[in-house]
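Right, one structure below, let's go through it.
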């Protein structure tokens with residue numbers, strides 16, 4: 001990344017306004033937001049290989065936290081820890097503590113299905129079900145007992161599609177297959193599907209990597225609107241995107257959390273030289 005690009009990243013932060021107070025904000029600064037999820041001393045092992053080392057991160061209420069770093073650094077592995085998606089990998093073992101509203105999500109009494117309803121996931125590649133647009137959104141509320149049919153279900157579908165910025169584009173073709181939509185529309189449909197079950201946290205794993213610039217801009221605008229209602233964590237390789245959409249940024253390298261600060265701090269005055277080198281394109 002060139003110096004001009006680095007300057008552009010800084011300017012984007014300034015245009016978007018200052019982010020929320022950093023985790024270690026000085027006295028007299030803006031009061032930090034309440035913490036929705038808290039990770040402490042999180043380690044992840046794939047058989048005998050350790051992928052994450054003693055990660056500490058707080059996800060603040062109604063804020064966007066960007067996870068950045070080179071490929072293979074552990075950011076997606078950490079994201080999957082937050083709703084126990086790593087449970088489906090037989091050789092994966094997670095230690096440490098992750099809490100949602102101060103309750104350990106790895107506790108013996110936790111219903112993983114209900115956890116994933118509270119902590120929704122949007123994947124890198126849009127993955128609509130082979131069903132109609134309507135049924136893609138209605139599926140979750142049905143199986144979780146939020147609504148079965150009729151006006152109540154219709155209201156949830158419409159509200160979710162509106163929050164995802166998609167309703168006006170598909171309102172006259174709700175019975176057409178979700179797979180008939182464009183790539184950007186499919187991703188927003190997957191976001192609508194995630195929020196239809198009223199989660200508290202939304203995890204996004206490179207949600208724009210397969211999208212064109214116009215579709216990416218729409219999803220970024222959507223993320224900014226969604227944080228009024230949800231806590232969001234997003235993995236991204238796009239430094240400008242991290243600067244535009246997030247209030248906090250965590251930089252990972254070789255399985256280690258190198259630095260976790262307010263986004264403005266990370267992009268204008270990072271504490272660690274490795275962070276500076278990565279965001280200016282010297283490696284990665």
Across segment 118-133, what is the total count of residues that are out of contact with any helix residue (DSSP H, G or I) (no Cβ under 8 Å at 6 or more places or on another chain) and outside any loop (DSSP other than H, G, I, E, B)? 2
Scanning segment 134-147 for residues that are in contact with a helix residue (DSSP H, G or I) (Cβ under 6 Å, 6 or more places away or on another chain) and part of a loop (DSSP other than H, G, I, E, B), the one nearest to residue 169 (Cα to Cα) turns out to be 147
Search result, residues across segment 191-210 that are touching a residue at least 40 places away in the same chain (Cβ under 8 Å) and within 13 Å of the chain's Cα centre (by Cα): 191, 194, 195, 199, 200, 201, 202, 203, 204, 205, 206, 207
Return the total of residues in segment 136-166 being closer than 18 Å to residue 219 by Cβ and crowded, with 18+ Cβ neighbours inside 10 Å. 8
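None of the figures in this text is laboratory data; all of them are computed from the coordinates on show. Predicted model only: the values in this text are computed from it and were never measured. Glycine also receives a Cβ, built like all others from the backbone with ideal geometry; neighbour counts cover every protein chain displayed.
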